Amino acid sequence: MEPIVLENSLIKHKLAVIRNKKTGTKEFREIIGEIATLLCYEAMKDAKLSKVKIETPICEMEAEMLDENQYAFVPILRAGTGMLDGLINVIPNAKIGHIGLYRNEETLKPVKYYYKMPKDIQNREVIVLDPMLATGGSAVDAITMLKEDGVKHIKFLSIISAPEGIRKLAEVHPDVQLYTACIDKSLNDVGYIVPGLGDAGDRIFGTK
């Protein structure tokens, strides 16, 4: 699938703020959450709604509502957790899973050090979170694990994406829709997105 990029002046403004190396941890963390909220709104455009009867202060009416329990948010540790509050604010009853990955330096294969999913994850629509889609390795590995767990409906949300990561995600998981706030130029020699914003995890948690 072609990536869905949010073209919005407010998002461009917020991206400029978090790209700035002078932006502090508190503001950086807050804006990551705000952009995640906007991405969530876009990703939920095709959400299935059920008709329910409610009563307004004026009269009874038929309305449409979302079954929040059918959704799960899965951040890729650790940076993905920085996006989590932005989605929980929109869909507070969604369940939360976590995936922790690192790569074996000798085999270059992914090593799963943490994997905890909600009950009946295979029956839920899963939205995977990671602020930076760089090489695409972590995204591909995380989605592969979810599919091995029986998950059939997966979307991926990223703040900034690199062309290399987009290509890899589309090649390995062509059924997974990517939602991103921006597509940057490329990766540098050490795998950072250019111009990017540095290490999202370090800037979210103030560890560098």
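The values are calculated or read from the model by the stated rules, or taken from the named source; none is laboratory data. From a predicted model like this one, the values you see are computed outputs, not experimental measurements. Cβ placement follows ideal geometry from the backbone for every residue including glycine, while neighbour counts extend to all protein chains displayed.
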Any residue that is among the hydroxyl-bearing types (Ser, Thr, Tyr) and surrounded by 15 or more Cβ atoms within 10 Å (Cβ to Cβ) - is there at least one of those in region 101-114?
no
Okay, strands (runs of 3 or more DSSP E) sitting entirely in region 1-94 with 1 or more residues that are in contact (Cβ under 8 Å) with a residue 60 or more places away in the chain, I get 71-75
Residue count, region 152-187 (criterion: within 10 Å of ALA134 (Cβ to Cβ), more than 16 Å from the chain's Cα centre (by Cα) and part of a loop (DSSP other than H, G, I, E, B))
1
Take the conditions surrounded by 12 or more Cβ atoms within 10 Å (Cβ to Cβ) and of a type in the set (Asp, Glu) and apply them to ASP46. Does it pass?
no
Go through (1) surrounded by fewer than 16 Cβ atoms within 10 Å (Cβ to Cβ); (2) at pLDDT 95 or above; (3) among the hydrophobic types (A, V, I, L, M, F, W, C); (4) closer than 30 Å to LYS21 by Cα for VAL172 and report which single condition fails.
(4)
Looking at (1) touching a Ser or Thr at 6+ places or on another chain (Cβ under 7 Å); (2) modelled with pLDDT under 95; (3) under 17 Å from ILE35 (Cβ atoms); (4) of a type outside the set (Ser, Thr, Tyr), can you tell me which one GLY206 breaks?
(3)
Can you name the residue in region 193-208 that is more than 13 Å from VAL17 (Cα to Cα) and outside any loop (DSSP other than H, G, I, E, B) and is also farthest from the chain's Cα centre (by Cα) among such residues?
VAL194
